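Enquirer: This is the structure, below, for whatever I ask next.
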Protein chains: 2
Amino acid sequence: MRQDGLERVTMRRLATELDTGPASLYVYVANMAELHGALLDELLGGLNLPGPARPAKARAILVDLLCDYTNLLVGHPSLARSVLSLWPSGPNYLRLIDSVLGLLLAEGLGRRQAAWGVDVLLQHATATAAEQGTRSESVEADGEGYRLATAIEEASAAEYPNIGLLRDEMFSGTGHQRLRWQFAALLEGIATVDDAGR
Amino acid sequence: MRQDGLERVTMRRLATELDTGPASLYVYVANMAELHGALLDELLGGLNLPGPARPAKARAILVDLLCDYTNLLVGHPSLARSVLSLWPSGPNYLRLIDSVLGLLLAEGLGRRQAAWGVDVLLQHATATAAEQGTRSESVEADGEGYRLATAIEEASAAEYPNIGLLRDEMFSGTGHQRLRWQFAALLEGIATVDDAGR
DNA sequence: ACCTGAACACCGTTCAAGT
DNA sequence: ACCTGAACACCGTTCAAGT
């Protein structure tokens, strides 16, 4: 029924794809949020989750898993945007949560840090995908992000001294490098800071 | 011209508010992204940025600033969602970036960690606001997030062992507590992990 | 019972026509 | 020149009518 589903999935588009009126979809799903939730869960079926890991390897495996999840969502920008405000609840999403929790515990994290950390990690993945996705979706090279780049490029060092100081560092690294660093940093922080603030 | 601007801001809504047709707005802005960008920057004018800080105080000031920014966006969910895929470039946003960079440097962070870190921090703020905002926007208490809660509540410990183990921790803490912890964790990670992976 | 055409209430954006 | 009414090409959702 939902085989390909790439790019922007709307009720009407899917309905015409299935040679029917838009009303027919409401027999199967209650609203668009539910449709996107189902789509996400089907997509997550293609993610292969790691088994139990030894403490020494848990962190690296976790970074890989989170990068995989991010890249999965980057391929479906419209989905990523709705997932951010969706709290998905399908079986495959629960499996993903369970996997991440397991790896955090394997690393030796406390119960609360693992429980609170999984939210941060998955939210970062989703937000990154939503951000990247919509950006690359706007086909024109001129608009959107290009303006921030030039704004930072042209920001006067007098008005924005720290931007002036770090201008070149702000555009350094590939997307892949930055994503891995981000997850590594998140994991380090989650592991280190407890609910009392360290 | 744009004095209040709360809740969902659309071109047509704003146009009728100004007693004119929707076409008139395109004299002032090129598209909706630009409108939302301008709205955000006006909103950011109400954020009071901290001055230079001594190293020992920088972290705490930064957490406060990031919480302020998040709460600002939480009040305007529709804005938060578009800001995520917008890369704002207004003067007040640049001032915010500059402030965060300054505080990160004051903490003693390396140039690259500060430059890469500011993205993570501001993205987390925006994503959190977008997530929370849309959730509270859906007025019905039944849908959306409630289902994940029950899904986690009912998830069998056999199929999802780690969720079973941490079930109670996952709903612990107030939103405020969790937000402060998240930023504290992010900052710790950003400060600790360098681009070589520590 | 189960499905769906047509309608309702919205969107962003464009462009020709009006002042 | 500057503004804008009306139109175009879309949306999600509902509901009465059809099979």
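Just so it is clear, none of the values below were taken in a lab; they were calculated from the coordinates. No experiment lies behind these values; they were computed from the predicted model shown. Quick reminder, even Gly has a Cβ in these numbers, built from the backbone with ideal geometry, and neighbours come from all protein chains shown.
Enquirer: Can you pull the one-decimal nm distance between simple spin-label points at B:Asp194 and B:Ala23, each 7 Å off the Cα toward Cβ?
Expert: Calculated label separation equals 6.1 nm.
Enquirer: With r as the distance between the Cβ atoms of A:Glu42 and B:Glu154 and R0 = 22 Å, compute the FRET efficiency 1/(1 + (r/R0)^6) and round to 0.05. Provide the component values of the computation, followed by the final result.
Expert: Values: r = 21 Å, r/R0 = 0.96.
The formula returns an efficiency of 0.55 here.
Enquirer: Averaged over peptide A:158-167, how many Cβ atoms belonging to another chain are found within 10 Å of each residue's Cβ? Numbers along the way, then the final one.
Expert: Values: counts 0, 4, 8, 4, 13, 8, 2, 7, 11, 1.
Per residue, the number of nearby Cβ atoms from other chains is 6 on average.
Enquirer: Might you report the magnitude of the Cβ-based charge dipole of chain B about its Cα centre, with Lys and Arg at +1 and Asp and Glu at -1, to the nearest 20 debye? Before the final figure, lay out the partial values.
Expert: Working: 17 positive and 25 negative charges, 130 e Å.
So the magnitude is around 620 debye.
Enquirer: Now a separate question. Taking R0 as 51 Å, what's the FRET efficiency between A:Glu169 and B:Asn31 from their Cβ-Cβ distance, rounded to 0.05? Provide the component values of the computation, followed by the final result.
Expert: On the way: r = 31 Å, r/R0 = 0.61.
Plugging the Cβ-Cβ distance into 1/(1 + (r/R0)^6) gives 0.95.
Enquirer: Let me check I have the definition right: for the protein assembly as shown, take the eigenvalues of the Cα gyration tensor, multiply each by 5, take square roots. What are those semi-axes in whole Å, largest first? It would help to have the intermediate numbers written out before the result.
Expert: On the way: eigenvalues 196, 182, 72 Å².
Its equivalent ellipsoid spans semi-axes of 31, 30, 19 Å.
Enquirer: Next question, about the same structure. Quick check on the exposure proxy: order A:Phe171, A:Phe183 from fewest to most C-beta atoms within 10 angstrom.
Expert: On the way: A:Phe171 10, A:Phe183 25.
Least crowded to most crowded, the residues run A:Phe171, A:Phe183.
Enquirer: Please arrange A:Thr192, B:Thr70 by counting, for each residue, the other beta carbons lying within 10 Å of its beta carbon, fewest first.
Expert: Numbers: A:Thr192 16, B:Thr70 21.
Fewest-to-most ranking of A:Thr192, B:Thr70: A:Thr192, B:Thr70.
Enquirer: Among B:Glu17, B:Glu34, B:Glu159, which one shows the highest mean-square fluctuation when chain B is modelled as a Gaussian network with alpha-carbon springs under 10 Å?
Expert: B:Glu159
Enquirer: Dipole size in debye (nearest 20) for the protein assembly as shown around its Cα centre, Lys and Arg Cβ +1, Asp and Glu Cβ -1? All intermediate terms of the calculation are to be shown ahead of the outcome.
Expert: Working: 34 positive and 50 negative charges, 157 e Å.
So the magnitude is around 760 debye.
Enquirer: Mind checking A:112-124 for the average number of partner chain beta-carbons within 10 Å of each residue's beta-carbon?
Expert: On the way: counts 7, 3, 5, 11, 10, 3, 4, 5, 10, 0, 0, 7, 5.
Mean shielding by partner chains, rounded to a whole number: 5.
Enquirer: Report, in deg cm²/dmol and to the nearest 500, the calculated mean residue ellipticity at 222 nm for the protein assembly as shown, where each DSSP H run with n ≥ 4 adds -39500 (n - 2.57) and the sum is divided by the residue count. Please report the intermediate quantities before stating the final value.
Expert: Values: 18 runs with 250 residues, N = 396.
Rounded to the nearest 500, the figure is -20500 deg cm²/dmol.
Enquirer: With springs connecting C-alpha atoms under 10 Å apart, model chain A as a Gaussian network and identify which of A:Ala114, A:Ala127, A:Ala158 has the largest mean-square fluctuation.
Expert: Largest GNM mean-square fluctuation: A:Ala158.
Enquirer: Averaged over its residues, how many other protein chain Cβ atoms are within 10 Å of peptide A:172-184's Cβ atoms?
Expert: On the way: counts 5, 4, 0, 0, 0, 2, 4, 0, 2, 12, 9, 3, 8.
Other-chain Cβ atoms within 10 Å of each residue's Cβ, averaged: 4.
Enquirer: Which of B:His124, A:His176 has the fewest other C-beta atoms within 10 Å, and how do the rest follow up to the most? Each step should come with its number before you reach the end.
Expert: On the way: B:His124 21, A:His176 10.
Taking fewest neighbouring Cβ atoms as first place, the list is A:His176, B:His124.
Enquirer: The stretch B:39-192: D in µm²/s via Stokes-Einstein (Kirkwood Rh, Cα pairs, 25 °C, 0.890 mPa s)? Intermediate values should be presented prior to the final figure.
Expert: Details: Rh = 17.1 Å.
Value of D from the Cα-based Kirkwood radius: 143 µm²/s.
Enquirer: Okay, moving on. Using a 10 angstrom cutoff on alpha carbons, build the Gaussian network for chain B and name the most mobile of B:Gly51, B:Gly90, B:Gly164.
Expert: B:Gly164
Enquirer: Could you give the distance between the Cα centres of the stretch A:67-106 and the stretch B:17-31, to the whole Å?
Expert: One Cα centre to the other: 39 Å.
Enquirer: Please identify the DSSP H helices in chain B that span no less than 24 Å along the helix axis (Cα) and have a mean Kyte-Doolittle hydropathy of -0.5 or more. Don't skip to the end; give the middle numbers.
Expert: Details: long enough: B:55-74 (29 Å, 0.86); B:111-137 (39 Å, -0.57); B:175-192 (25 Å, -0.06).
Within chain B the helices that satisfy the rule are B:55-74, B:175-192.
Enquirer: Moving to a separate point now. Restricting to Cα pairs below 8 Å that are 6+ residues apart, what does the relative contact order work out to for chain B? Please round to a whole percent.
Expert: Working: 169 pairs, mean separation 47.4, N = 198.
Worked out over chain B, it gives 24 percent.
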